[in-house]
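Report on the structure given below.
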Amino acid sequence: MLFDHCAECQRCCNVESGYPSLEITLTRKEEKRFGSICIQTQCDHLGPQGCSLGEDKPFGCTLYPLSYNPNKQKFYFDADCPLMDEYIAGLADINSEASAHMAKVERTVAKLEEKDPVFLQQNYEVDKAYFDLKKITPEKSKSKKSTQKATL
């Protein structure tokens with residue numbers, strides 16, 4: 001599975017020595033629950049199998065390795081994440097884990113655009129300052145019809 005590698009890598013949950021701490025952007029609802037989450041060196045919620053919060057982790061963490069620019073309404077990818085190539089290739093398959101992840105975050109982003117647009121802007125500003133964001137250009141899969149036309 002694509003995201004099984006995350007529990008092993010844990011790069012996104014650690015801050016390398018010499019880098020500033022990473023304040024996780026929280027939605028209004030998450031702020032009430034968590035107060036704040038700041039990664040000084042290692043996230044307090046990181047366990048041996050990955051995030052100990054599971055499905056209850058903040059949306060900014062669920063969104064990763066993606067970042068969403070609400071002004072351009074586009075997704076970007078943290079180029080430092082070792083899953084980048086595999087994730088982007090997976091977007092060509094609607095049944096892949098990458099496509100399921102993208103669909104999930106798109107639904108949440110649509111809700112947040114209405115209910116908490118300030119979060120989306122703040123999260124993007126933090127991501128832009130902290131990560132090496134690259135535009136996602138998914139590989140296009142060829143349908144049987146277009147392949148048949150090309151051979152005629």
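The numbers here are math on the coordinates, done by the rules we state, and not lab data. Since we're looking at a predicted model, the values are computed, not measured. Note that we place each Cβ from the backbone using ideal geometry, even for glycine, and neighbour counts take in every protein chain shown.
What to note about this one:
- Low-density loop cleavage sites - trypsin sites (Lys or Arg not before Pro) in segment 58-120, where at most 16 other Cβ are within 10 Å (DSSP): LYS72
- Of PHE77, SER96, GLN122, farthest towards positive along the dipole that unit charges on Lys, Arg, Asp, Glu beta carbons give the chain: SER96
- Taking all Cα pairs closer than 8 Å and separated by 6 or more residues, the relative contact order of the chain comes to 25 percent.
- Structure note, pairs LYS29/LYS135; LYS72/LYS134; LYS32/LYS104; LYS72/LYS135: Cα-Cα distances above 19 angstrom occur for LYS29/LYS135; LYS32/LYS104.
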